[in-house]
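Encoded as structure tokens, the structure appears first; notes follow it.
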Amino acid sequence: MALEEIELIKLSVSDLLHELCSRSNNSMLAQKLLLENTVNHPLVKKFPLKLSYQLAFLKDIISKLERHGQEVLDELYAAYCHLLSVPNIDSGTHYRHFAIDDCGTITLRESSKLISQGTTGLCSWQAALALADWCLCNCKFLQNRHVLELGSGVGLTGLCVSLHCKPSTYWFSDCHPAVLCLLQSNILLNVTGQNAYVPGDSYEEHAAVRHTHSDDRNVTPSACEGHKQTELCDRRQVLLRTRCNNTETRVLNLPWETVPMSNIVTQISPEVVLAADVVYDVSLFPVLCQAFCHLLFKRPCILLLACTVRNKETLDAFMQLLKKAGLEAAEEDLPPPTFLYYSTDVPVKLYRVSANT
């Protein structure tokens, strides 16, 4: 392998974008590496991103090259034309891949719509990315702890923590049948290593996703495939049992209003509770606040709440409700994105919620 290629492989995608437009002698190699590690990456081929996103990405790259007077790699044009010819069949879902430095990749199937089947829980939101990034930056805080997540959605935060932060146990929870189905599917996708290294990756030494999957006796598979089938058995509260890198992992069907009555929550006795983007619907504030109270007044527990500030009045209303209930929300420092990229155009706040003593 040439020295120039070794040096280019070390660059991030954003650096490669700069390289391919600014240094003509390396431009073709940079274009090749960029294509191999984005649209033509084996993981993207196997679990494709949204078609419109891939087309927009390639169109932007080609436009940048042409504006800078650079020769465009034939394979770039070929990839773009190929995607243009792909039938735009709306399956309702697409994949997203989150590369965590040299620790591997988390692959999630998500809804292509922000609101689907009457819920917003079928895609990853900004606060979930911010909370996951904070957890990855503070792995020692979560190591060997019992962690419960409220409103896990499609599973980004929980997979980041259970795969990379070494908690003792991790309990995902949600209540919408479609969300629970997709959540279980995403966990199994990552735990079984189906999203692991595929031959052809230019970053071979960094691409493997190293997961320890338990034997079949310890795995209770999802009752449904994907989120098109929405009939989960509500009589079962624990829907999935598996292991993520030696972390005992469970999926709970846990509506917030049932938290105070749940024997399983009592058995879990969580030391850390995580919640991201759960403060959005004023009608749900009372049951969410009641769940927080039960978790924090009954046991020594740390609750971390990540909120995207879309509407300051809505967030303030929830903070006032917590205060009236005897809970204190202290804002934590949230560093710039470190492991995961996410937009900071809309602010995200992280709170450590505790019971007033």
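Within region 312-326, is even one residue part of a loop (DSSP other than H, G, I, E, B) and touching a residue at least 24 places away in the same chain (Cβ under 8 Å)?
Yes, some residue in region 312-326 is part of a loop (DSSP other than H, G, I, E, B) and touching a residue at least 24 places away in the same chain (Cβ under 8 Å).
Where in region 131-198 are there helices (runs of 4 or more DSSP H), lying fully within it, with 1 or more residues that are within 15 Å of Thr105 (Cβ to Cβ) and open to solvent by less than 10 Å² (accessible area, probe 1.4 Å)?
156-164, 177-191
Identify all residues within region 288-312 that are modelled with pLDDT under 95, of a type outside the set (S, T, N, Q) and farther than 20 Å from Val265 by Cα; write none if there are none.
Val309, Arg310, Lys312
Could you check, for region 34-43, whether at least one of its residues is touching a Ser or Thr at 6+ places or on another chain (Cβ under 8 Å), assigned to a loop (DSSP other than H, G, I, E, B) and open to solvent by 70 Å² or more (accessible area, probe 1.4 Å)?
no
Write out, first by first residue and then by second, each pair whose Cβ atoms fall under 6 Å of each other, whose residues are 6+ apart or on separate chains, and whose first residue, in region 248-276, is free of Cβ contacts under 8 Å to residues at least 12 places away in the same chain while the second is among the hydrophobic types (A, V, I, L, M, F, W, C).
Matching pairs, first to second residue: none at all.
What is the residue count in region 55-108 for residues that are polar (S, T, N, Q) and surrounded by 17 or more Cβ atoms within 10 Å (Cβ to Cβ)?
Residues flagged as polar (S, T, N, Q) and surrounded by 17 or more Cβ atoms within 10 Å (Cβ to Cβ) within region 55-108 amount to 4.
The values are calculated or read from the model by the stated rules, or taken from the named source; none is laboratory data. Please read all numbers here as calculations on a predicted model, not as lab measurements. Cβ sites come from the backbone with ideal geometry, for glycine too, and all protein chains shown count toward neighbours. Just the protein is used for accessible areas: all its heavy atoms, side chains included, with ligands, DNA and RNA removed. Shrake-Rupley method; radii C 1.70, N 1.55, O 1.52, S 1.80 Å.
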